[in-house]
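Data block below; observations after.
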Amino acid sequence: MPGWPALADPSPEVAALAGPAALVGPAALVGPAALAEPEVPLRRTGLCALLAATARRYPARVALIDAPDKPAWSGRPAMTWTYGAAAEIVSRLAGGLRAWRLPPGSRIGLALPGSTEGLVAHLAVEAAGHVPCLLQTTWDEDQFAVGIEAAGVSAVLTQARLGSASPAERLCRAAVRYFGLRYLAAFGPDIPDGVISLDEMVLDRRNGPVAAETGGGLISFVGGDPAQPVHRSGDALLAAIAVHLIATPVRPGERILSLVAPGDLRGVVGGLGAALVSGASLETLPVFDGAALAAALVRPVPTHLVLPAFLEPALARAALPDTLRTIAFAHRAPARLTDRSPRTAFARGRIAVVDVLAIDEDVVVSGTRGADDLAFGLAEPERLGLPASLLSLRLDADGRLACRGQAAKAAPPRRGEAGEVDAAAWRPTRYCPTLFAGTATGLAQAP
């Protein structure tokens, strides 16, 4: 049968794969009082702990869904995993990673697409007590070498096949150039010699359950530049997710359908992070296909669609199902806001339309078109009305946008340590809003 064989003492869901859950929105992270009380700190936990919490209460709820065309570009079967099955696999992968001779808090690179394997690998790195580092699958061996060294990565998890490319082979060549990389592991098929098999790690009966109560965290790269890593602590990542969910409320059991790769802060916040905080399912389409998207949209489940902003004109002309709750268009600074369609262009205004703007890897700002539109919020940041402990924005005297709060706690990683960031200190970004008639027409790089 396709997929992984049955594990020792498997749950029914995992056997099928062989051949405080119900968390809702930002209050699940900070508690109800935190949205009104700026001084209330965020609870320290990781995404893996949220997965485990939902798995304990609702093990049969669907968690992760692959695209149907996955076998064509990966050589691996398309899978649908419940929370219970995903938690079990995460636990076994984490057990294998803990057997590696790495100190707690080591940085482990992820050069994986947005498939179910990539998502559980991210969570397993957290559960093993390490920090996920998001490497771009499109990098060549030179870029891999630069990024691995810049972020101080000790191990990398990847995939043997991705379309016509072989990330595992590229990473083998990059590893020769950086002796700090101690482990390289991959999902099959056809893993290169000398590379550890992650499939075998899942099936290893010695990898018993592990506690998934780490502090989480993330290292990503500014604009995909391997020379510019940015570290974000676990509480900062959860704060960024909470800020996004204020604009895009997702309920337990609903579905997030994402076309945005989980290779940066924007992708994690709007995809895996939002799903796990909300107790929702996440379906990913790593390779865009119009027919596959249309087929996915008509499935009878309340859906929140996340897609790159450049696809907006095509979607505005499409017939949208009644099950669609929100559409989130993902932007990256510098960005223009003048080419957007009004909300009424999508299902006659029935669907909430959200703009998700990534400002480098510093912060992600989300706003619903209409009263909470980013065009107003970037021109007058106080109009965003966000909890001050999570995120505050202001315009400095030179016109640049500045940020502070838990969601903005990010800094270049230091060798051997993460480095402390003062959440109360204002940090200027590289961008300033372009203004016209009291509204922002975009976000441009400051002169």
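The values are calculated or read from the model by the stated rules, or taken from the named source; none is laboratory data. All values reported here derive from a predicted model rather than from experimental measurement. So basically every Cβ, Gly included, is an ideal-geometry build from the backbone, and we count neighbours across all protein chains shown.
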Filtered residues of the range 161-199 (kept if of a type in the set (F, W, Y) and over 19 Å from A121 (Cα atoms))
Y178, F179
For the range 119-216, list the strands (runs of 3 or more DSSP E) that sit wholly inside it and hold at least 1 residues that are at pLDDT 95 or above and more than 19 Å from the chain's Cα centre (by Cα); which are they?
153-159, 183-187
Sort out which residues of the range 261-292 are among the hydrophobic types (A, V, I, L, M, F, W, C) and within 15 Å of I241 (Cα to Cα), and write them in order of number.
L265, V268, V269, L272, A274, A275, L276, V277, A280, L282
Going by the conditions given, is L162 closer than 25 Å to P71 by Cβ and out of contact with any strand residue (DSSP E or B) (no Cβ under 8 Å at 6 or more places or on another chain)?
yes
Filter the range 257-266 for residues that are surrounded by fewer than 24 Cβ atoms within 10 Å (Cβ to Cβ) and not in a loop (DSSP other than H, G, I, E, B) and give the result.
L257
When the range 282-315 is checked residue by residue, the ones that are of a type in the set (D, E), in a loop (DSSP other than H, G, I, E, B) and modelled with pLDDT of 95 or more are none
What are the residues in the range 173-193 that are surrounded by fewer than 20 Cβ atoms within 10 Å (Cβ to Cβ) and not charged (D, E, K, R), if any?
V176, Y178, F179, G180, Y183, G188, P189, P192
Does the range 316-360 hold any residues that are assigned to a loop (DSSP other than H, G, I, E, B), more than 17 Å from Q445 (Cβ to Cβ) and not β-branched (V, I, T), and which are they?
R317, A318, A319, L320, P321, D322, D339, R340, S341, P342, F346, R350
Here are L357, L401: which of them is surrounded by 21 or more Cβ atoms within 10 Å (Cβ to Cβ) and under 20 Å from S258 (Cβ atoms)?
L357
Unique residue being out of contact with any Leu (no Cβ under 7 Å at 6 or more places or on another chain), among the small types (G, A, S) and either farther than 22 Å from G270 by Cα or at pLDDT 95 or above (or both) when the list is A72, A52:
A72
Being hydrophobic (A, V, I, L, M, F, W, C) and modelled with pLDDT of 95 or more: is that true of I65 here?
yes
Among the numbered criteria (1) in contact with a helix residue (DSSP H, G or I) (Cβ under 6 Å, 6 or more places away or on another chain); (2) within 19 Å of G263 (Cβ to Cβ); (3) acidic (D, E), which single criterion is violated by D142?
(1)
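Residues checked against (1) over 18 Å from V269 (Cβ atoms); (2) modelled with pLDDT of 95 or more:
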residue: L337; (1), (2): yes, no
residue: R348; (1), (2): yes, no
residue: D360; (1), (2): no, yes
residue: S389; (1), (2): no, no
residue: A410; (1), (2): no, no
residue: A423; (1), (2): no, no
residue: T439; (1), (2): yes, no
Looking only at the range 88-114, count every residue that is farther than 23 Å from H231 by Cβ and either of a type in the set (D, E) or modelled with pLDDT of 95 or more (or both) and tell me the total.
1
Give the residues of the range 75-104 that are hydroxyl-bearing (S, T, Y), in contact with a Leu (Cβ under 8 Å, 6 or more places away or on another chain) and crowded, with 21+ Cβ neighbours inside 10 Å, sorted by residue number.
Y83
